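To start, the structure under review is shown below, and the notes come after it.
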Amino acid sequence: MNVFITGASSGLGEALAHRYAGATLGLFARRRDRLCALQEALTAPASSPIHIYEGDVTDAQALQNAAQDFLAVAGVPDIVIANAGVSHGTVTGGEGEADLPVFREVFDTNVMGIVNTFHPFVDAMREAQRGTLVGVASVAGFRGLPGSSAYSASKAAAISYLESLRVELRGSGIAVVTLCPGFVATPMTENNPYPMPFLISASEAADLMVQAIARKKRLYAFPWPMMLAGKLLRVLPDAVYDALAANRPRKPRKPSPPPS
């Protein structure tokens, strides 16, 4: 089996790489030192090859180059997982002028990063008439969270994009899986200044994700209590949701760079 994973150097991506150990892996992330350490940890006698690629998912050419190499050395992937993502608190207007680049960073990573990941593989997978494209969205994409407007909106966009792609590829042999985790203990969530109900470890999340991918679930929110909460949030009347969410603690904004 051939599996290509972005955001593989930590968190969910690293946990997924461990779950797919034994497959021929393509691991893409920004931190080469972490990729090299992961490659060493996963390499064992008689194991399948592990190919590492340093780059940012916002760089379409970097992903094109990585995909071309992986296709050449491993063949058509059975699974491509667009996992890379970022999350920062954001505000609009006033002091939030400094957040405009942060909005772009979040959208470029969480939405265009998925597009950039899938684009160079789709033609080969369509020709082979097989494979699964997996996009990691979030339960946060179900409703807009105050203070997390960029993140919520980017994950909502990711859910819609993946749904569109799934329908576009119907009958091609390619499955599209949308994964919507709740709170997972990763570097992205470790500084959240609010309670995180139903928090699970990255290892537990990876187990659930692998099972959903194997079943080719169209949309899978997890863990199950968060799935129920997400469904409830979706059907709450706007006035009720607004009242409940208005005083929710906000995620910290990204610190501004020091003056040059």
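Quick notes
- Proximity of backbone amide H atoms, modeled 1.01 Å from N, is registered between G89 and R253, K254 at under 5 Å, excluding neighbours fewer than 5 places apart on the same chain.
- With the simple model of a label 7 Å out from the Cα in the direction of the Cβ, L228 to H18 spans 2.9 nm.
- When the helices of the chain are scored as -39500 (n - 2.57) per DSSP H run of n ≥ 4 and the total is divided over every residue, the value at 222 nm lands at -13500 deg cm²/dmol.
- Packing-based exposure ordering (other Cβ within 10 Å, fewest first) of K155, K217: K217, K155
- In order along segment 225-230, phi translates into HN-Hα couplings of x, 6, 4, 5, 5, x Hz, rounded to whole numbers, per the Karplus curve 6.51 cos²θ - 1.76 cosθ + 1.60 with θ = phi - 60° and x for Gly and Pro.
- Structure-derived mean projected area of the Cα convex hull in nm²: which label, when the choices are [x] 13.3; [y] 14.1; [z] 14.8: [z]
- Rg and Dmax over the alpha-carbon atoms of segment 27-182 stand at 16.9, 58 Å.
- Overall, the chain carries a charge dipole of about 720 debye about its Cα centre when +1 sits on the Cβ of Lys and Arg and -1 on the Cβ of Asp and Glu, all other atoms neutral.
- Potential lengthening between L100 and Q64 on full extension [0.36 nm per residue; Cα-Cα distance subtracted]: 10.2 nm
- The charge dipole of segment 45-187, taken about the Cα centre with unit charges on the Cβ atoms of Lys, Arg (+1) and Asp, Glu (-1), comes to about 580 debye, rounded to the nearest 20.
- In Hz, Karplus ³J(HN,Hα) per residue of segment 82-90 (6.51, -1.76, 1.60; θ = phi - 60°; x = Gly, Pro): 8, 9, 4, x, 9, 9, 9, x, 9
- Alpha-carbon geometry of segment 151-260: the Rg and the Dmax are 16.8, 54 Å, given in that order.
- A Förster radius of 41 Å, combined with the Cβ-Cβ distance separating M1 from R250, puts the computed FRET efficiency at roughly 0.45.
- Ranked list, fewest to most other Cβ atoms within 10 Å of each Cβ, for V136, V115: V115, V136
- In order along segment 141-158, phi translates into HN-Hα couplings of x, 6, 9, x, 9, x, x, 10, 4, 5, 5, 4, 5, 5, 6, 5, 5, 4 Hz, rounded to whole numbers, per the Karplus curve 6.51 cos²θ - 1.76 cosθ + 1.60 with θ = phi - 60° and x for Gly and Pro.
Since every read-out is calculated from the coordinates, none of them should be taken as a lab result. Not measured: the values here are computed from a predicted model. Glycine gets a Cβ as well: all are built from the backbone with ideal geometry, and neighbour counts include every protein chain shown.
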